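What follows is one structure encoded as structure tokens, with my remarks underneath.
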Amino acid sequence: MTARLTTVRSGALTTVQDSGRPGHAHLGVPRSGALDAPAMRLANRLLGNAPDAAVLETTLTGCALRPDRDVTAVVGGAHCPVTLDGRPVAWGAPVRVPTGSVLDVGAVTAGVRSYVAVAGGIATEPVLGSRSTDLLSGLGPEPLRHGDVVAVGTPARPVPLPVTAPWPGPPAELVLPVRLGPRADWFAPAALRTLASATYRVSPHSNRIGLRTEGPPLERASTGELPSEGMVLGAVQVPPDGRPVIFLHDHPTTGGYPVVAVVPEQALAAAAQAAVGTPVRFTFG
């Protein structure tokens, strides 16, 4: 029989995430998955899990968990204090959590999203091949609430302790390379110059659907309306207020506002850890 984790404290937003469910956009299903995929994979690697084994993604305030059997866990991603029954333990390295003890993942001290990986992986029921929580479509398990219980899979092998690895820090400035289009021609030439030269900041209205920005609006050359069209991960959509929104993993699969540019997927992990107020710049590749 494998372990189960009881949620003692759910935090601001704690969800189950893996590599997501790509390939279903034609059905209106977003990709979802861990916003900081490199952090998820590193935490899993330290435990001997498959790189894309399901983990818990916390937001800003962490969470607290109590296992009903001994488990080994890693807390990584955004840096935060980690305690075991009130005593400090390692962040970013495997920690043995005895039966009935409380592993508390504290509020972030830098970054936004921490990842709690457990040897064996989180074993919620897959939906369309993924265990990920999708906040837009409602697929996958609900965000964790106080008292919720999640199952843990069978570990592949014992985890040697201690094991450490270098973890990247959150960006002091978020620099996002972009490729213009497909609707760059809907914007005035001055707007493209603004996009390339202005400094924006991460808005407090950002979430797993999109990173919203605050800064100079982009002036449109066309005042018409687009029919709804397909949207991709990393699309830089410009709503009526003119401030760019970078679509993240729970983004809608269609939209009617023009997309001025697209950020490559590999550049989006840093966006997952960009705190409110972080400067944002766009560079044309």
Pair list, Cβ < 8 Å and 6+ apart or interchain, from region 2-29 residues that are on the phi > 0 side of the Ramachandran plot to residues that are basic (K, R) and at pLDDT 90 or above: G20/R31
Hits in region 209-238 - residues which are assigned to a loop (DSSP other than H, G, I, E, B), touching a Lys or Arg at 6+ places or on another chain (Cβ under 9 Å) and either in the same structural domain as T133 (by TED's automatic domain parsing) or under 25 Å from D36 (Cα atoms) (or both): G215, L233, V238
Failed criterion for G100 (all others in (1) closer than 22 Å to T6 by Cα; (2) under 17 Å from the mean Cα position of the chain (by Cα); (3) part of a loop (DSSP other than H, G, I, E, B); (4) not basic (K, R) hold): (2)
Some residue of region 187-204 being more than 28 Å from P258 (Cβ to Cβ) and surrounded by fewer than 18 Cβ atoms within 10 Å (Cβ to Cβ): no
Enumeration of residues in region 258-274 that are buried (at least 18 other Cβ atoms within 10 Å of the Cβ) and not in a helix (DSSP H, G or I): P258, V259, V260, A261, V262, V263, Q273, A274
Qualifying residue in region 241-251 (condition: among the β-branched types (V, I, T), within 17 Å of L180 (Cβ to Cβ) and free of Cβ contacts under 8 Å to residues at least 60 places away in the same chain): yes
From the options G147, G138, residue that is assigned by TED's automatic domain parsing to the domain that holds A43, at pLDDT below 95, of a type in the set (G, A, S) and surrounded by fewer than 20 Cβ atoms within 10 Å (Cβ to Cβ): G138
Among the candidates V116, V108, residue that is crowded, with 23+ Cβ neighbours inside 10 Å and either under 18 Å from the mean Cα position of the chain (by Cα) or outside the structural domain of T14 (by TED's automatic domain parsing) (or both): V116
Residue in region 64-86 that is assigned to a strand (DSSP E or B), surrounded by fewer than 18 Cβ atoms within 10 Å (Cβ to Cβ) and in the same structural domain as A110 (by TED's automatic domain parsing) present: yes
Selection within region 228-285 - modelled with pLDDT of 95 or more, polar (S, T, N, Q) and over 21 Å from the mean Cα position of the chain (by Cα): T283
Answer from T15, T109, T58 - the residue that is over 27 Å from M231 (Cα atoms) and either touching a strand residue (DSSP E or B) at 6+ places or on another chain (Cβ under 7 Å) or not hydrophobic (A, V, I, L, M, F, W, C) (or both): T109
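The values are calculated or read from the model by the stated rules, or taken from the named source; none is laboratory data. Values in this document were obtained by computation on a predicted structure and should not be read as measured data. Cβ sites come from the backbone with ideal geometry, for glycine too, and all protein chains shown count toward neighbours.
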